[in-house]
Amino acid sequence: MADKAAKMKLRQDYRNLWHSDLMGTVTADTPYCCLACLCGPCVSYLLRRRALYNDMSRYTCCAGYMPCSGRCGESKCPQLCLATEVFLCFGNSVASTRFLLQDEFNIQTTKCDNCIIGFMFCLSQVACIFSIVACLVGSDELSEASQILSCCADMVYCTVCACMQTQHKLEMDKRDGVFGSQPMGVPPAQQMSRFDQPAPPVGYPPASYPPPGYPHH
């Protein structure tokens, strides 16, 4: 628990910012945001592959941030493992891709983004507690109110996750030179932890893409 708290604290010290905050993702790439809202797991699968530079030999379940990471037979069938992750653990798959990008590019999350994500989690927890209370009390009015609250929580969850995934896509567009900068090279193979690495200078340094000798898949 202390290790996770230390890692979260380290992310607060990152110096770079997302190309677009959560509030701006809808206008920054409206079609992709709609796609992420309608088919979140499929988008999560594609974004993780792209975050790994389409090299699935680098794949680790939940990007190495969960206890199950490295224990799910990823090396034998990474595509199937990733598909299972995005459909059965959708929230974790979105968060893992986010942490992967943050740690690779030293990106901090703004206070506004933290408030939006925190509100999403709090509303989901309140809806869950409200549903349990309604079930125990057995009141029809309370049960109907809990269903409305749960529906609102689900809508907020889907919306925020779609915005997060669009934010990740925009960041990788920036990484790959879609906005006019030179594409970045592929980083070293994915590690279970990247928190002991020094922070690079602000901004992404130009590099060849992919670097010489990097295997093409």
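The values are calculated or read from the model by the stated rules, or taken from the named source; none is laboratory data. What you see is a predicted model, and the numbers here were worked out from it, not measured in a lab. The protein model used for the area step is the full one, side chains on, heavy atoms only, and it has no ligands, DNA or RNA in it. Shrake-Rupley method; radii C 1.70, N 1.55, O 1.52, S 1.80 Å.
Brief remarks on what is shown
- Contact order, relative form, for region 1-172: 38 percent (alpha carbon pairs under 8 Å, 6 or more residues apart, mean separation divided by residue count).
- Ranking by accessible area, most exposed first, for His168, His19 with a 1.4 Å probe: His19, His168
- Residues in region 1-110 average 49 Å² of solvent-accessible surface per residue, probe 1.4 Å, ligands and nucleic acids excluded.
- Spatial extent of region 1-172: Rg and Dmax, with the Cα atoms as the point set, Å: 17.5, 53
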